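Down below is the structure, laid out as structure tokens.
The values are calculated or read from the model by the stated rules, or taken from the named source; none is laboratory data. These numbers were taken from a predicted model, which means no experiment stands behind them. Cβ: placed from backbone, ideal geometry, glycine included. Neighbour counts: every protein chain shown. Surface accessibility is based on the protein's heavy atoms, side chains included, excluding ligands, DNA and RNA. Shrake-Rupley method; radii C 1.70, N 1.55, O 1.52, S 1.80 Å.
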Amino acid sequence: MNDCWGRTIDYLRISVTDRCNLRCVYCMPENGVVSLAHKDILTYEEIMRIVKVCAGLGIKKVKLTGGEPLVRKDLARLVSWLKAQEGIESVTLTTNGILLKSQLKELVSAGLDGVNISLDTLDPNAYKRITRQGDLETALAGLNAALSYAESLTVKVNCVPLGNDPDNLSAMAGLSKSLPVHVRFIEMMPMGLGQNFAFTGEDEILGILEKAYGKAQAFNEPLGNGPCHYYSFPGFCGKVGFISAMSHKFCSRCNRVRLSADGFLKTCLQYDSGCDLKALIRSDCDDPDLARAIIRAIDHKPKDHHFGQDSSDMKPANADKDETLSMFQIGG
């Protein structure tokens, strides 16, 4: 399935909930938010119907996100359904790791292919400050549990730097030195509370890491479904990657769309472009109508974002209004 810019769209990120058990400073207000009512989020059956139609159109890879996806009950049941869907080649999960250890065996048995664990620091006090209520040891227990399945489960760590502290950045990358895990540095996006933080760019981080670990060598083989590119460091078990939407814009290679917990098919992080699939499903549309709506939305996927650009006349073709929701609300 291609958009009007010729990009192949084969990757769907599905937010199964807007709820989270942490309150990270760049993502959620300290006192939380009013969550969606249960009736307003997609049922698993509705998600499966959408995935079935999307698979028929060329979607091959699915990522389950939130909020924190593991706070929703019976997630392994959804994983099992997704893995059984013809055309779906990969089902992965992004989590903060707090609930992972207790659910991992069931998720792996259901066929989960990979897990990305959000972890911004290895300092317990800093972790508490960033997450407001999280416990680093519990998150690391989730990471270690995932690594115990490393032969069948791809394990990655997602780090959003909140500054350019060399010790923290080196420590985070150092996980890939001793463990079979890929650590990815994700530049802060100026959305929601993220607008209150400056992003630390890839080139600056890479320079810090090379001082600590030696010359990095570009690793040109794909290690996942998305836009991350990787480097090898001497003696490392895993790779170090970068998702650099701000400093190394990758919109021309974008292959993804997002499905929010309340059923909105979102075609670009920055804009509110897309289609309300839940409204269609609950108005008793048939699958061909649903497919046509998905095709229309993807065909009008914006060409690129203009984060960091002040002038509204930089907005690309097909873009609607700028998104006002936070990342936890759109499954970023």
In sequence order, calculated HN-Hα J values of region 90-106 (Karplus, 6.51, -1.76, 1.60; Hz; x Gly/Pro): 8, 10, 10, 9, 10, 8, 7, x, 4, 9, 5, 4, 6, 10, 5, 4, 5
Karplus 3J(HN,Hα) series, Hz, for region 149-165 with 6.51 cos²θ - 1.76 cosθ + 1.60 (x for Gly, Pro): 10, 4, 5, 10, 10, 6, 10, 10, 10, 9, 10, 9, x, 9, x, 10, 5
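Beyond 17 Å, how much of the Cα-Cα pair distribution for region 1-116 remains, as a whole percent?
Working: 3796 of 6670 pairs.
Of all Cα-Cα pairs in region 1-116, 57 percent lie more than 17 Å apart.
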Protein-only accessible surface order, largest first, of Phe219, Phe233 at 1.4 Å: Phe219, Phe233
Eligible lysines near Lys101 by straight Cα distance, threshold 26 Å, same-chain separation 8 or greater: Lys61, Lys63, Lys73, Lys83, Lys128, Lys156, Lys177, Lys239
Point-charge dipole on Cβ atoms (K/R +1, D/E -1) for the chain, about Cα centre, debye to 20: 440
Of (i) 19.1, 59; (ii) 23.7, 72; (iii) 26.5, 90, the label for Rg and Dmax of the Cα atoms in Å derived from the coordinates: (i)
Between helix 287-299 and the chain: long-axis angle, C-alpha atoms, 0 to 90°, nearest 10: 50
Built amide H within the under 5 Å cut-off of Tyr231, gap 5+: Phe219, Val240, Gly241
Cut-off under 5 Å, modelled amide H: who pairs with Ile14 long-range: Lys63, Leu64, Thr65, Leu259
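Rounded if a/c is under 1.5, else prolate if a/b is larger than b/c, else oblate: which is region 36-90, with a ≥ b ≥ c the root eigenvalues of its Cα gyration tensor? Show your work: numbers first, answer last.
Details: a/c = 2.07, a/b = 1.63, b/c = 1.27.
Prolate, since a/c reaches 1.5 and a/b exceeds b/c.
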Other-chain or far-sequence residues with amide H under 5 Å of Val157's (modelled H): Ile117, His182, Val183, Arg184
Disulfide-incompatible cysteines by the Cβ rule (no partner under 4.7 Å) in the chain: Cys4, Cys20, Cys54, Cys159, Cys228, Cys237, Cys251, Cys254, Cys268, Cys275, Cys285
Note, ³J(HN,Hα) from phi for region 177-183, Karplus 6.51, -1.76, 1.60, rounded to Hz, x at Gly and Pro: 6, 9, 10, x, 9, 9, 9
